[in-house]
Amino acid sequence: MKVVALVGCPNVGKSTLFNRLTKTRDALVADFPGLTRDRKYGRALFDGREYIVIDTGGIAKDAEQPSDLTSKMTEQALLAIEECDLVLFMVDARAGIMPGDYQVAEYIRKSGKKCAVVANKIDGLDPDIAGTEFYGLGLGEVHQIAAAHGRGVQILIEDVIAPVLREDGPLDSDLPEVPEGEDPEGYIWEHGYEFLENVPAEKNAGGFDWYAFREKQRGLQHTDDEAEKAAEHTPFADLPIKFALVGKPNVGKSTLTNRLLGEDRVVVCDMPGTTRDSIYIPLEREHKKYIVIDTAGVRKRRKVSEAIEKFSIVKTLKAIEDCNVAVLVIDARENITDQDLSLLGFILDSGRSLVIAVNKWDGLSKEYKDDIRRELNLRLGFVDFARVHFISALHGTGVGNIFDSIDEAYESATRRNSSATLNRVLQAAVQEHEPPISGGRRIKLKYAHAGGYNPPRIVIHGNKVSKMPDAYKRYLINCYRKALNIMGTPVILEFKEGINPYANEKPVQKRLTQSKLREQKRQAETERRYERAAKRKENEKKRLIEKAKKSGEGIVLSATAKKKKKTK
């Protein structure tokens, strides 16, 4: 896979072109010199072929930043030039040739790599004049673009990047179109193709197997049956483990990143806020693949004033949500602060696995170390499932053990547990300690099943589970954690109550209390007494009327209210 590096002085638009080529917004972009400091890699695609783009920091002296930081940024850019196949030397068409451009041109000339001068920010300038002075750098033709608006970027890709990509084989547009129903391999061979000198020309059955060659170049070859079966039994086995190093500024995250990688991959300086963007770096250790994410430090909101730092914090929080395991780095010399607890709460709310690394452990007295351990037990008791490592990123003490905890946390988060296993644990927990009583009835837990992974999610069905107290929820979580050997990841429980499928077809039967039943009996007895009294009075009136008829004497009856007729 070909590699393209973007180099130049600060604030010439390298990150803007990086986002344009990769069709992402991964790189931070602002009208601010020296924003990018570390090498940032991205994957781009053109005409069916993938290639890698490297965004680098500006190569020039800056009076506003320490000289040590400037030299390290320059070293990062020079490393990008060494490992790339094509250098895009970006210059500012509005500012003209700057003193640092000659220095960058000299670095590129010494490297001997293919180079193309890209004059950015030509929008609003005369195309016949813009960028002509950069021919004086002696690096060949100057290509004019406006990266912010995309003007000239497609021409740059076709004229500069595409020829480099063809060194690995033809692009999709170079191959003849295969009619529907035809065999791609046979059709391409019969209709011929102009062979390139740098394309491997091994013969197979009388001709070159172009179809297999294209699949191999693009990584489309299917895996072996054994690997597929292993992936079925081990979920996410083919994916690298992404872990992010998060914490406050100047706690040693970048130093720890370089120690884990075994090289000076990111810029390290003895000043807070050196890292401004989240850097994703692939790593392979003991035949296992990882992706290390070095993030910017997160301060309290009231201390954040610059817009650049706000965007850096947003990228850090996004990296936490994107990773599988979050490694919280704590400075042992500053104890545990409220900001550490805030970051810890965000990690738990995101459902990420957790490993705690207490850095700068070297050179501390035994009494001070004992105080730190007591404070950890006191303030971090609610995350007792997370492994705690006491390390020194500068000297490498205890750093290697972090990988074991990362593997353990990731395996616990992605492990699949059967419903039978979850039900057995639930039944054992209920037998040992029954759920509490709510509203005169005991909460009933029926069965459990898996509801998701990374983090593990367990769904429990039962009656009146909405009244479950938090203490019993924690008890169930501890039972599952102990029985299933879950370490380093939170366990999420979801409770669901059964729904009556006939609720809309017949009246809901309500269960009455004893006091309600006694009240209904008293009301019914009173109504019966009134009915008997009215009936006796009616019978007495009839007897008096019959008696008056027989004797011929008159009788005076009380006036009764006439019933009003209902009007329709």
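The values are calculated or read from the model by the stated rules, or taken from the named source; none is laboratory data. Every value quoted in this text rests on a predicted model; they were computed, and no experiment measured them. Virtual Cβ from ideal backbone geometry, glycine too; neighbours counted across all protein chains shown.
Could you check, for the range 30-37, whether at least one of its residues is part of a strand (DSSP E or B), modelled with pLDDT under 85, under 19 Å from Val266 (Cα atoms) and under 23 Å from the mean Cα position of the chain (by Cα)? Write out each step before concluding.
First, pick out the residues of the range 30-37 that are part of a strand (DSSP E or B): none.
Looking through the range 30-37, none of the residues is part of a strand (DSSP E or B), modelled with pLDDT under 85, under 19 Å from Val266 (Cα atoms) and under 23 Å from the mean Cα position of the chain (by Cα).
List, please: which pairs have Cβ atoms under 9 Å, are six or more places apart or on different chains, and start with a residue in the range 431-443 that is without any contact (Cβ under 8 Å) to a residue 24 or more places away in the chain and surrounded by 11 or more Cβ atoms within 10 Å (Cβ to Cβ) and end with one that is charged (D, E, K, R) and assigned to a strand (DSSP E or B)?
Glu434/Arg442
Can you find, within the range 70-99, the residue that is nearest to Arg166 (Cα to Cα) among those that are of a type in the set (D, E, K, R) and modelled with pLDDT of 85 or more? Explain how you work it out, then say what you get.
Within the range 70-99, the subset of a type in the set (D, E, K, R) is 72, 75, 82-83, 85, 92, 94.
Imposing the further condition that a residue be modelled with pLDDT of 85 or more reduces the set to 82-83, 85, 92, 94.
Details: Glu82: 21, Glu83: 19, Asp85: 12, Asp92: 29, Arg94: 33 Å.
Out of the qualifying residues, it is Asp85.
Hey, which of the strands (runs of 3 or more DSSP E) in the range 363-470, taking only ones fully inside, have at least 3 residues that are in the same structural domain as Met487 (by TED's automatic domain parsing) and more than 31 Å from the chain's Cα centre (by Cα)?
Values: elements: 387-390, 444-452, 457-463.
Correct list: 444-452.
Could you give every pair whose Cβ atoms fall below 7 Å, whose first residue belongs to the range 340-358 and is over 13 Å from Val491 (Cα atoms) and free of Cβ contacts under 8 Å to residues at least 40 places away in the same chain, and whose second residue is hydroxyl-bearing (Ser, Thr, Tyr) and in a helix (DSSP H, G or I), counting only separations of at least 6 or pairs across chains?
Partner pairs satisfying both residue conditions: none exist.
Working only within the range 359-386, note down all residues that are in contact (Cβ under 8 Å) with a residue 40 or more places away in the chain and either surrounded by fewer than 17 Cβ atoms within 10 Å (Cβ to Cβ) or β-branched (Val, Ile, Thr) (or both). Spell out how you get there, then give the answer.
Kept after step one, since they are in contact (Cβ under 8 Å) with a residue 40 or more places away in the chain, are these residues of the range 359-386: 359-360, 372, 375-376, 379-380, 385-386.
Correct list: Ile372, Glu375, Arg379.
Tyr102: modelled with pLDDT of 85 or more, assigned to a helix (DSSP H, G or I) and hydroxyl-bearing (Ser, Thr, Tyr), yes or no? Walk me through how you get there before you give the answer.
Working: modelled with pLDDT of 85 or more: yes; assigned to a helix (DSSP H, G or I): yes; hydroxyl-bearing (Ser, Thr, Tyr): yes.
Here the answer is yes, as Tyr102 does meet what is asked.
Taking the stated definitions as given, is Ile347 aliphatic (A, V, I, L, M), assigned by TED's automatic domain parsing to the domain that holds Tyr290 and crowded, with 18+ Cβ neighbours inside 10 Å? Quick ask: steps written out before the conclusion?
Numbers: aliphatic (A, V, I, L, M): yes; assigned by TED's automatic domain parsing to the domain that holds Tyr290: yes; crowded, with 18+ Cβ neighbours inside 10 Å: yes.
Here the answer is yes, as Ile347 does meet what is asked.
Could you please give the count of residues in the range 402-430 that are in contact (Cβ under 8 Å) with a residue 12 or more places away in the chain and surrounded by 14 or more Cβ atoms within 10 Å (Cβ to Cβ)?
Going through the range 402-430 one residue at a time, the tally reaches 20.
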